[in-house]
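Participant: Provided herewith is a single structure, encoded as structure tokens, for subsequent inquiry.
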Amino acid sequence: MADGVKPRVKVPKSASAGEVITLKTLISHPMESGQRKDSSGNVIPRSIINRFTCDFNGQNVIDITMQPAISTNPYFEFDATVPEAGEFKFTWYDDDGSVYEESKKISV
Amino acid sequence: MDFTRRETLALGAGAALMTVLPFRVNAAADDAINEFTGGAAVADGGVDLDAPEIAENGNTVPIGVSAEGATAILLLAAGNPTPGVATYNFGPLAGSTAASTRIRLAGTQDVIAIAKLADGSFARASKTVKVTIGGCGG
Amino acid sequence: MKFKALTAVVALCAATTAYAGGADDDVLAIDGEEMISKTDAPAHLAETGIDTIISGWHFREDDTQAMQLDTFDNPGMIFVDQAMDSWNTVEGEAGESCASCHGDVAEFEGLSTKMPKVDEDGKLVVMEDLINECRTERMQANEWKWSGGTMQAMVALINHQSLGMPMDVAIDGAAAPFWEQGKEMYYTRYGQLELSCANCHEQNYGNYIRADHLSQGQTNGFPTYRLKQAKLISKHNRFRGCIRDTRAETFAEGSDEFRALELYVASRGNGLSVEAPAVRQ
């Protein structure tokens, strides 16, 4: 697991049923691309978050495959439909097998 | 300022090299596109790609993309060492078929978005982003 | 060939300078709260001919500017969040955390507008000094590295409590000799390129140095999330970078020279809102 990985998500506290809302997510992660070399000329191995998903009450909103061209501290902004009150679940999958999770409730 | 014949030739060779290079890097991007589309034809238009004309730093370039009726969108940076950036797969609760992120660009190049539409067809958009290299490092 | 190429480059640079330049007229409002990003220069700048002091934000491209307008979009804020965890973490022999002595970090509202300042012992101190003094003396924990991620995140958290408040460092009394030292450094030409801070940031702000749009070199947004390094950058790290770019041997981060320079540069921004953590290129 990369050090001190910290997710941040922005979800409105409430919405009306069927409303489309905008979600924003940010997570601290170096996203080491595998293209850089260290001071002795050795390639620094790739270590990135390779997938991000957002689900609401078990149904998928977005599923993103991420490549090394995503910037350090990955940011995503996207829209979701809120059919009822419930919980958003955000999941980031690291190359090293670590999984970072965050959830946010929303009322209708 | 006058250039000698030799200098003009040197400049011409440089310019020729610059026009040849993109073909090489685009091959990798074409492979990525073919993998996504399965070789199907890709129509121009129908995809909205929001990218800055000039990025102050190639490390963090904001890119937004949307395509009406898309089930998935592939985002590529044709001039990067590996062209892949991200693939957005929209689920049943997606509120729109749009998403924004921040990406790395190794230099001035084309950013390409390919949308897979619900009817199985594909559409594309591309935009050139100039990446400036500042005078002040570190 | 070489000479002509250089001439061509210079001509190109001149053209760039001619078509663009200066600060833009956009409004800097963070989460809707308007910042003082342009205001009358403090009295001590009268001799320089600068009558308006301008935040570095006005010299950036729109996309860079946009990242600072919303405290969620600002990638520097993840580190402010991380520092909140450090704030509550007990460390060291004394069994204390920041929170166990100071309670709510909001109590530090206004502190960064007065920094650097001269302490009771007559020493010029900056925020990093105050943090490490707490850690070593009261928490009996290890010192944090000056430009380390944990340190700069904590500086950003504390400075962020003063978001929007105008900078107001003291330059008279006990601070005067340090301020004079810093001022002398500001006008000293360093390195093989023989450039002073003033050459770029006083005489040429608004112009381009290669593709870099020169600002006034204000420090009200530090620590700054720099897109180039994708992390929070300390003032001393930026000072070091500038002096190194003049091809000089630079001073160390945390040196007395940089403390004095930090005071002088901060005083040139007296009146501008604290923006920490700002977003720059």
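The values are calculated or read from the model by the stated rules, or taken from the named source; none is laboratory data. Quick caveat: nothing in here was measured; it's all calculated off a predicted structure. As a convention, Cβ positions derive from the backbone with ideal geometry for all residues, glycine included, and neighbour counts pool all protein chains shown. Remember, those area values only see protein heavy atoms, side chains included, never the ligands or the DNA or RNA. Shrake-Rupley method; radii C 1.70, N 1.55, O 1.52, S 1.80 Å.
Participant: Scan region C:191-210 for residues that are in a loop (DSSP other than H, G, I, E, B) and free of Cβ contacts under 8 Å to residues at least 24 places away in the same chain and report the count. I'd like the intermediate steps shown before the answer.
Facilitator: Initial filter on region C:191-210 (in a loop (DSSP other than H, G, I, E, B)): C:191-194, C:196, C:202-207.
Narrowing further to those that are free of Cβ contacts under 8 Å to residues at least 24 places away in the same chain: C:196, C:203-204.
Matching residues across region C:191-210 total 3.
Participant: Something else: Scanning for something within 14 Å of chain B (Cβ to nearest Cβ), out of contact with any Cys (no Cβ under 7 Å at 6 or more places or on another chain) and of a type in the set (A, V, I, L, M, F, W, C), does region C:177-194 turn up at least one residue?
Facilitator: Within region C:177-194, one or more residues are within 14 Å of chain B (Cβ to nearest Cβ), out of contact with any Cys (no Cβ under 7 Å at 6 or more places or on another chain) and of a type in the set (A, V, I, L, M, F, W, C).
Participant: Among the residues of region A:87-108 satisfying the criterion of being part of a strand (DSSP E or B), more than 10 Å from chain B (Cβ to nearest Cβ) and open to solvent by less than 40 Å² (accessible area, probe 1.4 Å), which is nearest to B:A94 (Cα to Cα)? Spell out how you get there, then give the answer.
Facilitator: Looking only at region A:87-108, we keep the residues that are part of a strand (DSSP E or B), and these are A:87-94, A:99-107.
Subsequent filtering for residues that are more than 10 Å from chain B (Cβ to nearest Cβ) retains A:87, A:89-94, A:99-107.
Of the ones still in play, those that are also open to solvent by less than 40 Å² (accessible area, probe 1.4 Å) are A:90-92, A:94, A:100, A:106.
Working: A:F90: 14, A:T91: 16, A:W92: 18, A:D94: 23, A:Y100: 21, A:I106: 16 Å.
The extreme case among them is A:F90.
Participant: Going through region A:54-86 one residue at a time, which ones are more than 12 Å from the chain's Cα centre (by Cα), open to solvent by 50 Å² or more (accessible area, probe 1.4 Å) and facing chain B (nearest Cβ under 8 Å)?
Facilitator: A:Q59, A:Q67, A:P83
Participant: Can you tell me which of (1) within 14 Å of chain A (Cβ to nearest Cβ); (2) under 14 Å from C:A278 (Cα atoms); (3) of a type in the set (A, V, I, L, M, F, W, C); (4) surrounded by 21 or more Cβ atoms within 10 Å (Cβ to Cβ) is the one C:F59 doesn't meet?
Facilitator: (1)
Participant: Still on this structure, I have one more. Name every residue in region B:71-113 that is among the hydroxyl-bearing types (S, T, Y) and not in a strand (DSSP E or B), in order of residue number. Talk me through it step by step, then tell me what you get.
Facilitator: First pass over region B:71-113, keeping only residues among the hydroxyl-bearing types (S, T, Y): B:71, B:82, B:87-88, B:96-97, B:100-101, B:108.
The answer is B:T82, B:T108.
Participant: Of the conditions (1) more than 16 Å from B:G95 (Cα to Cα); (2) modelled with pLDDT of 95 or more; (3) within 7 Å of another protein chain (Cβ to nearest Cβ), A:K6 satisfies every one except a single condition; which number is it?
Facilitator: (2)
Participant: Let me ask something else about it. Working only within region C:244-261, note down all residues that are open to solvent by 10 Å² or more (accessible area, probe 1.4 Å), assigned to a helix (DSSP H, G or I) and at pLDDT 95 or above.
Facilitator: Of everything in region C:244-261, those that are open to solvent by 10 Å² or more (accessible area, probe 1.4 Å), assigned to a helix (DSSP H, G or I) and at pLDDT 95 or above turn out to be C:D256, C:E257, C:R259.
Participant: Return the total of residues in region A:22-53 being at the interface with chain B (Cβ under 8 Å from one of its Cβ atoms) and crowded, with 18+ Cβ neighbours inside 10 Å.
Facilitator: 1
Participant: The conditions are (1) under 22 Å from C:M167 (Cα atoms); (2) more than 14 Å from chain B (Cβ to nearest Cβ); (3) open to solvent by 50 Å² or more (accessible area, probe 1.4 Å), and C:Y205 fails exactly one of them. Which is it?
Facilitator: Failing condition for C:Y205: (2).
Participant: Here is a follow-up. State all residues of region B:73-95 that are surrounded by 21 or more Cβ atoms within 10 Å (Cβ to Cβ) and among the polar types (S, T, N, Q); if no residue qualifies, say none.
Facilitator: B:N80
Participant: Only one of these is assigned to a loop (DSSP other than H, G, I, E, B), at pLDDT below 95 and either open to solvent by less than 20 Å² (accessible area, probe 1.4 Å) or at the interface with chain A (Cβ under 9 Å from one of its Cβ atoms) (or both): B:G58, B:G39, B:G46. Name it. Quick ask: steps written out before the conclusion?
Facilitator: Details: B:G39 fails: either open to solvent by less than 20 Å² (accessible area, probe 1.4 Å) or at the interface with chain A (Cβ under 9 Å from one of its Cβ atoms) (or both); B:G46 fails: either open to solvent by less than 20 Å² (accessible area, probe 1.4 Å) or at the interface with chain A (Cβ under 9 Å from one of its Cβ atoms) (or both).
Exactly one residue qualifies, and that residue is B:G58.
Participant: Residues of region C:90-124 being open to solvent by 40 Å² or more (accessible area, probe 1.4 Å), assigned to a strand (DSSP E or B) and either touching a strand residue (DSSP E or B) at 6+ places or on another chain (Cβ under 6 Å) or under 17 Å from C:E143 (Cβ atoms) (or both), which ones?
Facilitator: C:E91, C:E96
Participant: When only residues in region B:96-111 that are open to solvent by 10 Å² or more (accessible area, probe 1.4 Å), more than 20 Å from B:N26 (Cα to Cα) and of a type in the set (S, T, Y) count, which is farthest from the other protein chains (Cβ to nearest Cβ)?
Facilitator: So, considering only residues that are open to solvent by 10 Å² or more (accessible area, probe 1.4 Å), more than 20 Å from B:N26 (Cα to Cα) and of a type in the set (S, T, Y), the one farthest from the other protein chains (Cβ to nearest Cβ) is B:T97.
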